[in-house]
Structures are given as structure tokens and as C-alpha cells.
1. Pick from Ala33, Ala91: which is in contact with a Gly (Cβ under 6 Å, 6 or more places away or on another chain) and either hydrophobic (A, V, I, L, M, F, W, C) or in contact (Cβ under 8 Å) with a residue 24 or more places away in the chain (or both)?
2. Tell me the residue from Gln3, Gln13, Gln39 that is in contact with a Gly (Cβ under 7 Å, 6 or more places away or on another chain) and either over 22 Å from Gln110 (Cα atoms) or open to solvent by 50 Å² or more (accessible area, probe 1.4 Å) (or both), please.
3. Go through the range 57-79 and give me each residue that's closer than 15 Å to Arg45 by Cβ and within 12 Å of the chain's Cα centre (by Cα).
4. Hey, can you tell me all the residues within the range 49-83 that are crowded, with 16+ Cβ neighbours inside 10 Å and closer than 20 Å to Gln3 by Cβ?
Amino acid sequence: QVQFVESGGGLVQPGGSLRLSCAASGSLFSLVAVGWYRQAPGKQRELVAQIGSRDIANYADSVKGRFTISRDNGKSTAYLQMSSLTPEDTAIYYCNHVRAVDQGLAYWGQGTQVTVSS
């Protein structure tokens with residue numbers, strides 16, 4: 001079992017940057033693909049970025065070129081570096097095991113709120 005705790009959210013101005021952290025508890029962290037998801041009010045949760053066990057990253061078109069996902073297996077932590085933020089990026093951000101999410105077996109934490117506003 002892998003559990004995730006998100007942190008690093010907050011209020012940022014348009015065009016600004018923010019770095020989110022995702023601390024994982026499972027010993028198999030290095031073997032699983034980790035994804036960052038977000039959910040805005042009235043919208044479905046969407047996959048923003050994911051990184052595999054070999055550090056291969058993929059991004060949603062909406063954030064490509066602006067967000068960077070990374071991982072530190074020694075610290076069992078994944079990160080999401082966000083730049084050029086817009087109000088449309090405002091959402092609660094979650095991290096999770098991508099395969100577990102796809103299989104409908106994921107447990108979601110509290111997430112971390114990102115608000116982009118002047």
C-alpha cells in the first residue's frame with residue numbers, strides 16, 4: 001500500500017510559480033507511477049502530470065511547458081513545479097498512484113489548495 005500526503009499549495013499571483021510536494025509512505029514508491037491530479041469547482045478530477053518509475057514524464061496539454069513533475073525516490077517524495085500560473089490553474093491538487101486511480105482502487109488525501117489570483 002502507498003499513501004500520499006500533499007503540501008505546498010497557497011495563493012499566488014497570475015504568472016507566478018509554486019512548488020507542490022507529495023510525501024509517500026509505501027516502500028514501493030520507486031516502482032510506481034505517480035500522478036498529480038487537480039479538481040476545480042464544478043469539474044471532474046483530471047490528471048495533470050505523471051512520472052513513471054524510470055522518470056519518464058507526461059503532461060496534460062493544458063500544463064505542458066509550464067509544469068514539471070519530478071521525484072526523489074530516496075525521500076519517497078514527488079514534486080510538481082508550476083510556473084506561469086493562470087486563474088484556470090486554481091484547484092485542489094492531489095497526488096496518487098496512477099495505476100490505482102485507473103483501476104478505481106485509489107484512496108484520496110486532503111489535497112492542497114492552489115489559488116491563482118491577484
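The values are calculated or read from the model by the stated rules, or taken from the named source; none is laboratory data. Here the structure is a predicted model, which is why all the values come from computation and not from measurement. As a convention, Cβ positions derive from the backbone with ideal geometry for all residues, glycine included, and neighbour counts pool all protein chains shown. Surface areas here come from the heavy atoms of the whole protein model, side chains and all, with no ligands, DNA or RNA. Shrake-Rupley method; radii C 1.70, N 1.55, O 1.52, S 1.80 Å.
1. Just a single option satisfies the conditions, and that option is Ala33.
2. Gln3
3. Start the filter on the range 57-79 by keeping residues that are closer than 15 Å to Arg45 by Cβ, which leaves 60, 62-63.
Listed by number, the residues that qualify are Ala60, Val63.
4. Ala49, Gln50, Ile51, Ile69, Arg71, Ser76, Thr77, Ala78, Tyr79, Leu80
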